[in-house]
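The values are calculated or read from the model by the stated rules, or taken from the named source; none is laboratory data. Please read these numbers as outputs of a predicted model, since none were measured by experiment. Don't worry about glycine lacking a Cβ; one is built from the backbone with ideal geometry, like all the others, and counts go over all protein chains shown. These area figures cover heavy atoms from the full protein model, side chains too; ligands, DNA and RNA do not enter into them. Shrake-Rupley method; radii C 1.70, N 1.55, O 1.52, S 1.80 Å.
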Amino acid sequence: ALLRGAGRRAGRDSGDAYSVDSWGTVVCALAAAFLLLPRWGVEGTLRAAGFAEILLLLPLAFMVAGPRPSPVLLLRRVLLPAACLVLLALLPAWDPVLMTSGPLLYSESYAAEGGGLKQVEEAMRRRGRLRFLEEGPDATVTVREGALGVLSLQINGKTDASSGGDLPTQALAGLLPALLHPAPRSALVIGLASGTTAGTLAAEPLDRLDCVEISPAVARAALLFSAWNGGVLSDPRFHLRLGDGRAYLRGTSERYDLITSQPTNPWISGVTNLFTQEFFTLARERLADGGVLAVWLQGYSLDPVDFESAVATFLQVFPAAQLWEESAAGGDYFLIGRRDGAGPDLDLLERRLGASRLGGRDPGRAGISDTADLLSRFVAGPRALAVLSQHAPLIRDDDLRLEFSAPRALWKFRMPGLIARLEEIRESPLAFFPPPPTQAGAALRAR
């Protein structure tokens, strides 16, 4: 209606309108991300955007009314935006507990309570009271305190760490690579979460402990987990780098004895680039001689083919790869690769585990009671993993199939098939490295 010209004038007016629209989109996006969200949060930003849109309708109403509009016409065109402004102002504030409850993932458990909306709301609230809430341009981060004082950290409603059930997984992500290295002096953790993994590594006699975390809010939320991460954020050896883990590896010249990569689940957008052949190659280049890379890999909510693709891709860079699990129940796995291509030294594991106990460290936090218990977490070596993943496609930067296949498998629950497949290769003669005739080797053979 505003473009009343014809011919060349109409084309120019259309171009000007498109240019204004494009610049408005860019400016408003930057203002929302860096000015409004940090100050007003998501709700305040949406309300401000709504008010701005409606206010823009007022001059537009006069422009489209023509040169001599009737009073009745003007009244109609002004009343509608004014009514919208009133309705927007009267909208009740939303409840942050409900808005950060993660219905995408947990709707089935909420609905299982039965009844109507009131029962669903009560189920959402039972996840715990909010101890921390921060909304930023990258994510909304919350910390809840549930039953028995258990804390859980959520990113956009999805729980990524806790002081409860998954605490052994977080601890093992740091303990396992540390036990597989004879004397680590430096370590890098990709993904801070609650800080438990970094805190586990801080128990080692390291000279340097770096961590890369993409969300500043997560770093602030991790302060609430000091009782479980040992106050690692105030450790003088600890250095937090805010940014993307892969970008950090590409830009740093540091070499690490240990690197633990524990991004969130691969079905989250943007995470696949931490499971590609190029990323594993980059991580290998940042390992010192004899260095160990540990990569957390979920088994739940992941198609077995995608799991095998991650294994096959890892094997391309670490031909002597190992696969370990957090517990016999399955679900959480760790791919282990050494820069020198060596397999697990069972004597070393036994000595290092004993040294951990003597040094006052607590392998029990990772669910480890003794050497035999630790070795029971070993699933397979490179020969069996090669058989497992022989037909799986590789994950590369120019073929990010996992970015699309992982979300499709989210609710298909195919983990039983994966566990059965892993148990099959676990029982095969190909599963093990040849164990030496030591007490640890005997424990492995007797497992």
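Taking packing as the residue-averaged number of other Cβ atoms within 10 angstrom, the listed peptides 155-163, 219-227 run from highest to lowest as 155-163, 219-227.
Normalised by the number of residues in region 71-223, the mean separation of alpha-carbon contacts (under 8 Å, six or more apart) gives a relative contact order of 15 percent.
Calculated from the structure at hand, Cα Rg over 2.2 N^0.38 Å is found among [x] 1.21; [y] 1.37; [z] 1.09 as [x].
Given axes a ≥ b ≥ c from the Cα gyration tensor, I'd like to know whether region 249-363 is rounded (a/c under 1.5), prolate (a/b larger than b/c) or oblate. Oblate, because a/c is 1.5 or more while a/b does not exceed b/c.
Computed over the chain, relative contact order equals 11 percent, with contacts defined as Cα pairs under 8 Å that lie 6+ residues apart. Probing with 1.4 Å while keeping every protein chain in the model, the per residue accessible area of region 105-149 equals 60 Å². Remark: region 294-300, residue by residue, has Karplus-estimated 3J(HN,Hα) of 10, 10, 6, 9, 6, x, 7 Hz, where x stands for each Gly or Pro and the curve is 6.51 cos²θ - 1.76 cosθ + 1.60 at θ = phi - 60°. When the accessible area of the chain is split by element with a 1.4 Å probe, what percent falls to carbon and sulfur? For the chain, the apolar C and S fraction of the accessible surface comes to 61 percent.
Taking amide hydrogens as placed 1.01 Å from N in the peptide plane, the amide H of Leu287 sits under 5 Å from those of Tyr256, each at least 5 positions away in sequence or on another chain. Taking every DSSP bridge with both residues inside the chain, close to 60 percent are antiparallel. Most tightly packed first, judged by the mean number of other beta-carbon atoms within 10 Å of their residues, the peptides 41-49, 289-297 read 289-297, 41-49. Computed from phi, the 3J(HN,Hα) profile of region 138-151 under the Karplus parametrisation 6.51, -1.76, 1.60 (θ = phi - 60°) reads 9, 5, 9, 10, 10, 10, 10, 10, x, 4, 6, x, 6, 9 Hz, with x in place of Gly and Pro.
Helical runs assigned H by DSSP (4 residues or longer) give the chain a calculated mean residue ellipticity at 222 nm of -14000 deg cm²/dmol, each run adding -39500 (n - 2.57) before division by the residue total.
Phi-derived couplings, Karplus 6.51 cos²θ - 1.76 cosθ + 1.60 at θ = phi - 60°, listed residue by residue for region 117-128: 5, 5, 5, 5, 4, 5, 5, 4, 6, 5, 5, x Hz, with x used for Gly and Pro.
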